Amino acid sequence: MDWKHRSPIGDDGHQPAARADAPAARSRAGRRAAVAAPSAGPDAAGDASEPWAERLIGQVARRLGRPVPAPYAEALRRVPRHLFLPDRVWVPDGNGGHTPRDRHADPRGWLAAAYTDTPLITRFQTAEDGTRLPSSSAPMPSMTVRALELAALDDGMRVLEIGTGTGFDAALLCARLGDHRVTTVEIDPALHARAGRALAAAGFAPRRVLADGAEGRPAAAPYDRILATCSVRAVPPAWLAQTAPGGRVVTPWDSPWCRYGTLALTRHRDGTASGPFSAFGSYMVLRGQYADVELGRDLPRPGQGHEESRTALSPWTVAGGDLDAEFHLGQTVPGAWFSWDDAPEADGAHTRLWIGDTDATSWASVDYDGRSVASFRVLQHGPRRLWHEIERAYAAWDRLGRPPVDDHTLAVDSGGASTVTAVTAG
């Protein structure tokens, strides 16, 4: 099978909805917008001069559609991004893949990438089935600025960062608040060490901790703000426990169906919390909240029977790049994930959408025969009828007026249970 997994890292801009009658749009990774390659680069990969910082600030402003707020523009000037990058990075190629930029082989391209508002992959890992997946990244500076804006930082605040990564975001926080008010946690020893060297080279010294970010850092709590550089499917209880009343947790969001959105959650004095989602952000998931089964291995298993039916709902309508629809489905069909197969081993199938659940108990497939977009064959197995759940959830979202990501909120009760609510559009 030629699996097309959902892209772990992508351009973070909100893209227009894909057409439901567009069977050529096969790979979910291909829905991301291409980022234009830099038109020019420096003569050598030395220290970046001020014009390069201004170039980046200009790109961030264009992405935001407005000037970069003064505190963050100044932070971008003070923090040289190239110091926080390894000698080889990978930039999006516009087709769901990545192109390497090597500091020694291509110094002009490497430094130009460092000062372009684009996500950069800094490390890959190989899964058991040979799939090469990003395991560390440097996010788009514009997305970092948007998250900092959601945090509503103010002088004197104490901040905990979950996921030091390259150290670039921690440096921006130090530039804004001061080193002594920033604590940053990283679980990966190699990243922790490299970020420490980069921060020192750039002249910043936050409190750095090598630990599991899901546990926060209770020794220095409470914090006015907790900011995560990884996405979560549920807010870890430790984060809310370590946030001061009236404080805020800002974190990218994820579901097995859709890795998209950013949550700004305010902790209330009674121990509850609530806040809205914003339509940006596509980050790797916090360790421990991702299931390997989502890669589509061993689906289906030998000997498993199935139920066959037909559907008029196009698989591209629910998994073809409409991020508003996908976000809502991710919140309302628990544990469901999808993967495109461009070469299904099935008679008469041109393209197949596989759907599974994270319990690995149920699966469904939806086949496009290469001709008709009015009707699709559906196979389902297991205690859940996953495609029927998707159909019902999509119909409910449609009746609500198709509310976008921004019209969803999350509430956490005093016992830690969370609920996502969509506001009726219009």
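The values are calculated or read from the model by the stated rules, or taken from the named source; none is laboratory data. Computed from a prediction, not measured in an experiment: that's the story for all the values here. We place every Cβ from the backbone using ideal geometry, glycine too, and count neighbours over all the protein chains shown. We work out accessible area using only protein heavy atoms, side chains counted, and drop any ligands, DNA or RNA first. Shrake-Rupley method; radii C 1.70, N 1.55, O 1.52, S 1.80 Å.
Site pair N95 and E74 shows an inter-label distance of 4.6 nm when each label is modelled 7 Å from Cα along Cα→Cβ.
Rolling a 1.4 Å probe over the protein heavy atoms of the range 295-426, with every protein chain left in place, gives an accessible area that is 48 percent carbon and sulfur. Normalised by the number of residues in the chain, the mean separation of alpha-carbon contacts (under 8 Å, six or more apart) gives a relative contact order of 16 percent. Using the Cβ of T229 as centre and a radius below 9 Å, the other residues enclosed give a net charge of -2, where K and R count +1 and D and E count -1.
For the peptides 338-345, 252-259, 370-377, what is the packing order when you average, over each peptide's residues, the other Cβ atoms within 10 Å and list the highest mean first?
On the way: 338-345: 18.2, 252-259: 25.9, 370-377: 13.4.
The densest-packed peptide leads the list: 252-259, 338-345, 370-377.
Under 1.5 on a/c is rounded, so check that first for the range 291-384, then, if it is not, pick prolate when a/b is larger than b/c and oblate when it is not; a ≥ b ≥ c are the square roots of the alpha carbon gyration tensor eigenvalues. Cα axes put the range 291-384 in the oblate bin. Using the 1.4 Å probe convention, the accessible area of the range 180-272 works out to 37 Å² per residue with neighbouring protein chains retained.
Note on the range 87-188: Rg/Rh from Cα positions, Kirkwood definition for Rh, rounded to two decimals, is 1.03.
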